[in-house]
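Following: one structure in structure tokens, then a few remarks.
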Amino acid sequence: MHALVFDLPAMTHFPRLYLPTAVLVALTLSACSPGDSVVPDETRPDDPAAEDVSPFRMQAAGYHPSWMGDTWTGYDFDLLDVLFFFDLPVTADGRLDDRQGWPHAWVGLIAEANASEVPIHLTISILDVSVFRAVFSSDSHVEQLIGDVADVAASGSVGGIHLDVEVFEPVESGLRDAYTRFVTDLRERLQSERPDVALSVFLTALDTADAYDEAALAASSDFVVVQGYDLHWPTGDTAGPLSPIRGWKGRSWDTILARYDALGIGRERLLFSVPYYGYEWPTESAEPGARTAAPGALTTFAPVLAGVPSARDRAKTHGLRRDTASGSPWYLIADTTGWRQGWFEDPESLGRKYDFVQQEGLAGVAIFPLSYGDASLDSTLRAARWP
């Protein structure tokens, strides 16, 4: 059984498929029995020498975005403790109108995850500050949202609810407090109706907008996913590594961890998120971290999206460089239009991050998104989990 194991807060104990109705009901019922939460196995997959293998030292969660369809068939579920299904967006009036076909369009995924004993946690998302304001300024909208989340959690196919609420600009303190109360009330509702369903929150890296009461949110959650990526972002003034461990004027994992330590949130309950994607920026010069000349464009590590370049393949073509401070790889393209810098993560840089997680006593990592990677990234994660 693969299950995230934490010291929990005192109040708590982490092409679509359409089938004929009769087959769908049978598959859904067989795939939806919740598993027990136990300590992860202490053996490698397929390794009979149980007593000679160290216990897992790092938990691993991964996001499956709905737009990647059935690419989950290529996942190695043995590497995962939790699969986040991304995402069910919240409307301005607190509804989950677009459930991405969950669960009926995903019975194959549910069955595979259940067979591998990997719980699926549904990601409930608010990624627009205007939606945040509309929802948490209205008691009726909050009540609606709690009801809708409780409704999707009622399915036996759901092992957890993951709140991905991202705010990057200042909001009124009343809205900040309303979001905190929402998480507390949702926790109580889930404990009453589905105590076996975990609740987790995504929190931003530095929160310069002071939009969250992180300590209170963590206290109402079973674990926390900390934003460990986009420390350089598409519309930023400079190019640079997305998830540097150190350096880069404090836009780094060591600074983020120090902030969460100061907030009093136990390291053993923190997962740092890592990207399987990158960005490529037009820049004003060839110097690493140069000022950007225009917004950056998405890249994926492996070539998995039509029209989106593979950072792995770009680096092979144009030459892989490595930043000494962050350990992140990057490449430089020079042509008639000027310079372009592409920054991403690869097996070496991810391995350093996994070392950081284990050395610093963090719970683990959350990968976004799994389907943008390849076998080399799987191998790196496997080596970190079974050293």
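Taking the number of Cβ atoms within 10 Å of each Cβ as an exposure proxy, the fewest-first ranking of SER116, SER157, SER200, SER376 is SER376, SER116, SER157, SER200. Each Lys or Arg adds one and each Asp or Glu subtracts one; over the other residues with Cβ under 13 Å from the Cβ of THR337, this totals -2. Sorted ascending by nearby beta carbons within 10 Å, beginning with the fewest, ARG176, ARG385 become ARG176, ARG385.
Sort SER130, SER273 so the one with the fewest other Cβ atoms within 10 Å of its own Cβ comes first.
Ranked by crowding around the Cβ, least crowded first: SER130, SER273.
Neighbours of VAL82, meaning other residues whose beta-carbon lies under 12 angstrom from its beta-carbon, give a summed charge of -3 when Lys and Arg score +1 and Asp and Glu score -1. The slack in the chain from SER130 to SER379, taken as 0.36 nm per residue of separation less the alpha-carbon distance, amounts to 85.6 nm.
Fully extending the segment from ASP335 to ARG95, taken as 0.36 nm per residue of separation minus the present Cα-Cα distance, adds 81.6 nm. One decimal place: the segment ASP185-ALA154 gains 9.5 nm when fully extended, by the rule 0.36 nm per residue minus the C-alpha distance. Each Lys or Arg adds one and each Asp or Glu subtracts one; over the other residues with Cβ under 10 Å from the Cβ of LEU257, this totals -1. Volume of the convex hull of region 144-246 (Cα atoms only), normalised per residue: 130 Å³. What the Kirkwood sum gives for the chain is a hydrodynamic radius of 21.6 Å, with every pair of different alpha carbons counted.
Under Stokes-Einstein, with the Kirkwood radius over Cα pairs as Rh, the value for region 261-387 at 10 °C and 1.306 mPa s is 101 µm²/s. Label separation (LEU320 vs GLU284): 3.1 nm, computed from points 7 Å beyond Cα along the C-beta direction.
Pair-distance distribution of region 315-374: all C-alpha pairs, bin width 5 Å, starting at 0; shares per bin in whole percent are 4, 15, 21, 21, 17, 11, 6, 3, 2, 0.
None of the figures in this text is laboratory data; all of them are computed from the coordinates on show. Computed from a predicted structure; not experimentally measured. Using ideal geometry, Cβ is built from the backbone for each residue, glycine included, and neighbour counts are taken over all protein chains shown.
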